[in-house]
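**Q** Below you will find the structure I want to go over with you.
The values are calculated or read from the model by the stated rules, or taken from the named source; none is laboratory data. Owing to the predicted nature of the structure, the values given are computational and were not obtained by experimental measurement. Here Cβ is always computed from backbone atoms with ideal geometry, including for glycine, and neighbour counts include all displayed protein chains.
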Amino acid sequence: MKFTHHLCAILVGGTITIMQPQVSVALTPTQVSDLAKDFTVLIGGDGVGSGVIFDRKGETYYVLTNRHVVVNDGRYEIQTPDGSKYPVYRSQELPGLDLAVLQFTSNKDYRIANIGNSDQIREGMTVYVVGWADALPGITKERSYQFTDGNVRSRLKEGKDGYTLVYNNEAIPGMSGGPVLDEQGRVVGINGRAATEVRKDGALVASLRLGIPINTFLTTRRNSQPIATGSQTATRQRSAEDYISLGGAKAERKDYQGAIADYNQALKLSPNNPDAYFRRSNAYFLIGNLQAATSDLNKVIQLSPKNGFAYAMRCAIRLTEKDIPGAIADGEEAVRLNPNLGFAYLARGSARAFLPDYQGAIADINKFIEQEPSFAHAYAVRGYSRAGLGDRKGANADFDQALKLDPNFFSIYQLRGVVRGFLWGDKPGALADLHKASDLIQKEGNQFLYQEVQNAIKFVENPASASQQVLIEPFNQAIARNPNDANAYFYRGGGYYLQGDKQSALADITKATQINPKFSVAWVAQGDIFRELGKFTEARNSYDRAIKANSQWGNVTPSVAYAYRGLTNLVLGNTQAANADINQALQLDPKNAVAYGFRGMSLQYQKDYRRAIAAYEKAISLDAKSSPAINNLGLVKYELGDVEGAIRQFQRAININNTSAETQLALAVALYNQGQQDRGLAMAQAALRLDKRWGDIKFIKQQLWGDRLIADTQKLLANPKIR
């Protein structure tokens, strides 16, 4: 397992003493966290938790953790802050306490925790809880170091298993056994248990955490004889925490059904235990039962309403369910509750990427990467967002960095596959990535995500075969959950468009703009459909609304909206407005190939052929696959008498797009009038089979075809075989 922190190991002397009262200056939270990273370890194997290095004798290190973390008589492993892994060769528990001492050997130097005096801790004091939290499915693949702040709420005189320290810090499973620290970074307790109180009507009374004071450990250790961990398991009834730890170990081994069974046992013993619900939610998510996963997270949030981790996790689930407004809301709440929680920004950034709000997504991911520079998934999401903005170089750099950090994380291949297939037109690369993602997901056992990727593979292989189930049904479900989900209408409209149903697509995208008038990308999509339907006035109005809204542009830009408004103005005969829009588009984005193409069309319309050629050549230099610009360049060359040059451009355009009736007919006319009549006639017939409108001279005169080409076309169309 890889970790995000490369820590400097510092040797501190070997005996433990209780700190005496002294005047001390509080450290900043960052300073405390930096200290804690060096002595807080991750525990894995047959239990999942955290621990603190509290002593060293020679090459033997001693780690304090919860007994329930190592409750099984099994194999355990300690992972130190530098990523090294050591087997636990001996473990002992302390009678009457939920504590255990583990031992491992190493010739490396690791920091020893400074022990505080828990008797000096009073209500209202600031404390910090540290530990290695569980991975958050859909957000992270690995466990992560977490640092939370809070205040002491109570000091109990008595507590079961030694739990008498009460505080309001947030913590999630995996952090059990980690230290509770004072403001000087000294260990004053061991975190280990959730404490919730709920009234009979279901209302939450309190949501707190419990820890065992460090002085309780020191006193018990001096006055009692430790016993081997697990030696009393047969006689001692298992606790809810025991089952939660056992379930966590099974989940680590991908035995999710076994883990769920253990969490069920925990909830029988402790029906309002948020940790059991949290881990069970993760297990449900990993087997693809999103409804059960969401239900459990709802319970976590009910029991622990300030738990930013739970909102971040529910954000990921809602995103998987295509509930983008719900995902955004949860991401916002996670950030509001805990502005220092990196995973809140990663979750919100992922949701923003699919809003789509690529700039907002990148800002959030950058915030996360500042804290956690080694999480592969973050780079994959940022790469996806950069691709959406047209930054192919930046996107590739992020995808490469993600794969360097973790070459076996499915989400990297999934996101890059989507980008390659749907944005870059790289079908072979898309299929290679998506098949790799599919193989990795199948090993994880998540049937829901596996089917999602399989659907994407089928769509890339043959877009025409995309079914209602793939393109429409997920958004039907999203709309059923939230009838005011503008994104769901927008994406369902895209599905209808891909099926060739432009009227249904227009209806849905119009609904999206009614729900969210600030949805610029939806206004652009509406304008595009109106334009394709020949409704140019309506199209121009849609582009107007996109420009005025100026938000939520998705994978289009204001430059694109100006360019297409310029095109509609040109078609409507307002050349002055068209030129103004095209100039504005190029001022906003000097590399907008489409805008240069439209400038060429405007100049061609004005019969300024020399400048039109320059504009088309600029468009083609920016986008070598711009078949419309290449086709139009051929049209201009034909009018200037360069028939051979025109034929080369028409053939080049057909090599890029062999379904354009216009280009095929233009090439047919050129060949026919050069004496290649049979070839010209055959190609003309093929063109008219694609679109019979091109057999109507009135229709052709409405296009950008010049007088020379139209006259030659009339000769070809007069041939009896064509008539």
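**Q** Would you check which residues across the range 81-137 are touching a helix residue (DSSP H, G or I) at 6+ places or on another chain (Cβ under 6 Å) and farther than 23 Å from Arg222 by Cβ and list them?
**A** Across the range 81-137, the qualifying residues are Pro81, Tyr128, Val130, Leu136, Pro137.
**Q** Ok, one more. Tally up the residues in the range 306-328 that are in contact with a Phe, Trp or Tyr (Cβ under 9 Å, 6 or more places away or on another chain), more than 14 Å from Ala486 (Cα to Cα) and assigned to a helix (DSSP H, G or I), please.
**A** Number satisfying all stated conditions: 9.
**Q** Working carefully through the options Ala261, Ala228, Ala249, find the one that is over 14 Å from Asp161 (Cα atoms) and at pLDDT 95 or above.
**A** None of the others qualify; the one that does is Ala261.
**Q** State which residue is nearest to Ala194 (Cα to Cα) when the search covers only the range 261-303 and only residues that are of a type outside the set (A, V, I, L, M) and assigned to a loop (DSSP other than H, G, I, E, B).
**A** Asn273
**Q** Looking at Ile722, Ile620, which one is among the aliphatic types (A, V, I, L, M) and at pLDDT below 95? First the steps, then the outcome.
**A** Values: Ile620 fails: at pLDDT below 95.
It is Ile722.
**Q** Separate question: Does the range 97-106 contain at least one residue that is assigned by TED's automatic domain parsing to the domain that holds Gly185, free of Cβ contacts under 8 Å to residues at least 12 places away in the same chain and not hydrophobic (A, V, I, L, M, F, W, C)?
**A** No.
**Q** Looking only at the range 407-428, count every residue that is more than 17 Å from the chain's Cα centre (by Cα) and buried (at least 23 other Cβ atoms within 10 Å of the Cβ) and tell me the total.
**A** 1
**Q** Please indicate, with yes or no, whether at least one residue in the range 171-179 is touching a strand residue (DSSP E or B) at 6+ places or on another chain (Cβ under 7 Å), of a type in the set (Ser, Thr, Tyr) and free of Cβ contacts under 8 Å to residues at least 60 places away in the same chain.
**A** no
**Q** Pairs, please: C-beta under 6 Å, at least 6 apart or cross-chain, first residue among the hydrophobic types (A, V, I, L, M, F, W, C) and in the range 499-524, second surrounded by fewer than 16 Cβ atoms within 10 Å (Cβ to Cβ)?
**A** Pairs found: Ile515/Asn484.
**Q** In the range 163-172, is there at least one residue being surrounded by fewer than 24 Cβ atoms within 10 Å (Cβ to Cβ), assigned to a strand (DSSP E or B) and in contact with an Asp or Glu (Cβ under 7 Å, 6 or more places away or on another chain)?
**A** Looking through the range 163-172, none of the residues is surrounded by fewer than 24 Cβ atoms within 10 Å (Cβ to Cβ), assigned to a strand (DSSP E or B) and in contact with an Asp or Glu (Cβ under 7 Å, 6 or more places away or on another chain).
**Q** Residues that are within 19 Å of Gly49 (Cα to Cα) and within 37 Å of the chain's Cα centre (by Cα): find the strands (runs of 3 or more DSSP E) completely inside the range 76-139 holding 1 or more of those.
**A** In the range 76-139, 76-79, 85-87, 126-133 are the strands (runs of 3 or more DSSP E) which contain 1 or more residues that are within 19 Å of Gly49 (Cα to Cα) and within 37 Å of the chain's Cα centre (by Cα).
**Q** Could you please find all residues in the range 370-396 being modelled with pLDDT of 90 or more and surrounded by fewer than 19 Cβ atoms within 10 Å (Cβ to Cβ)?
**A** Of everything in the range 370-396, those that are modelled with pLDDT of 90 or more and surrounded by fewer than 19 Cβ atoms within 10 Å (Cβ to Cβ) turn out to be Glu370, Pro373, Asp391, Arg392, Lys393, Gly394, Asn396.
**Q** With respect to the numbered conditions (1) within 13 Å of the chain's Cα centre (by Cα); (2) crowded, with 19+ Cβ neighbours inside 10 Å, which one is the sole condition not fulfilled by Asp433?
**A** Against the list (1) within 13 Å of the chain's Cα centre (by Cα); (2) crowded, with 19+ Cβ neighbours inside 10 Å, Asp433 comes up short only on (1).
**Q** Being crowded, with 24+ Cβ neighbours inside 10 Å, touching a residue at least 60 places away in the same chain (Cβ under 8 Å) and over 21 Å from Trp132 (Cα atoms): is that true of Gly116 here?
**A** yes
**Q** OK, next. Write out, first by first residue and then by second, each pair whose Cβ atoms fall under 7 Å of each other, whose residues are 6+ apart or on separate chains, and whose first residue, in the range 247-264, is over 15 Å from Asn446 (Cα atoms) while the second is surrounded by fewer than 18 Cβ atoms within 10 Å (Cβ to Cβ) and modelled with pLDDT of 95 or more.
**A** These pairs meet every condition: Lys250/Gly258.
**Q** Can you name the residue in the range 181-202 that is among the basic types (Lys, Arg) and assigned to a loop (DSSP other than H, G, I, E, B) and is also modelled with the lowest pLDDT among such residues?
**A** Result: Lys200.
**Q** Given the structure, is Phe399 under 26 Å from Asn462 (Cα atoms), modelled with pLDDT of 95 or more and among the aromatic types (Phe, Trp, Tyr)?
**A** Spelling it out, Phe399 is indeed under 26 Å from Asn462 (Cα atoms), modelled with pLDDT of 95 or more and among the aromatic types (Phe, Trp, Tyr).
**Q** Still on this structure: Among the residues of the range 525-549 satisfying the criterion of being without any contact (Cβ under 8 Å) to a residue 24 or more places away in the chain and over 15 Å from Thr513 (Cβ atoms), which is surrounded by the fewest Cβ atoms within 10 Å (Cβ to Cβ)?
**A** For the range 525-549, the residue satisfying everything is Gly534.
**Q** For residues that are touching a helix residue (DSSP H, G or I) at 6+ places or on another chain (Cβ under 6 Å) and of a type in the set (Lys, Arg), tally how many sit in the range 428-450.
**A** Count: 1.
**Q** Would you mind finding the one in Ala646, Ala668, Ala653 that is in a helix (DSSP H, G or I), under 16 Å from Leu717 (Cβ atoms) and among the small types (Gly, Ala, Ser)? If you could, list the steps in order and put the result at the bottom.
**A** Details: Ala646 fails: under 16 Å from Leu717 (Cβ atoms); Ala653 fails: under 16 Å from Leu717 (Cβ atoms).
After ruling out the rest, the residue left standing is Ala668.
Conditions tested, residue by residue: (1) at pLDDT below 90; (2) touching a Lys or Arg at 6+ places or on another chain (Cβ under 9 Å).
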| position | (1), (2) |
| --- | --- |
| Ala464 | yes, no |
| Asn484 | no, no |
| Ala507 | no, no |
| Ser520 | no, yes |
| Asp528 | no, no |
| Leu533 | no, yes |
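**Q** Quick check: anything in the range 597-612 within 29 Å of Lys518 (Cβ to Cβ), out of contact with any Ser or Thr (no Cβ under 6 Å at 6 or more places or on another chain) and among the hydrophobic types (A, V, I, L, M, F, W, C)?
**A** For the range 597-612, residues within 29 Å of Lys518 (Cβ to Cβ), out of contact with any Ser or Thr (no Cβ under 6 Å at 6 or more places or on another chain) and among the hydrophobic types (A, V, I, L, M, F, W, C): present.
Yes or no, residue by residue, for (1) assigned by TED's automatic domain parsing to the domain that holds Leu319; (2) over 19 Å from Ile317 (Cα atoms); (3) among the hydrophobic types (A, V, I, L, M, F, W, C):
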position: Gln447; (1), (2), (3): yes, no, no
position: Ala478; (1), (2), (3): no, no, yes
position: Ala507; (1), (2), (3): no, yes, yes
position: Ile515; (1), (2), (3): no, yes, yes
position: Gln526; (1), (2), (3): no, yes, no
position: Tyr543; (1), (2), (3): no, yes, no
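**Q** Can you name the helices (runs of 4 or more DSSP H) wholly within the range 495-557 that have at least 1 residues being farther than 30 Å from Arg392 by Cα and over 29 Å from the mean Cα position of the chain (by Cα)?
**A** Correct list: 502-515, 536-549.
**Q** Answer yes if at least one residue in the range 635-646 is surrounded by 13 or more Cβ atoms within 10 Å (Cβ to Cβ), out of contact with any strand residue (DSSP E or B) (no Cβ under 9 Å at 6 or more places or on another chain) and without any contact (Cβ under 8 Å) to a residue 24 or more places away in the chain, and no otherwise.
**A** yes
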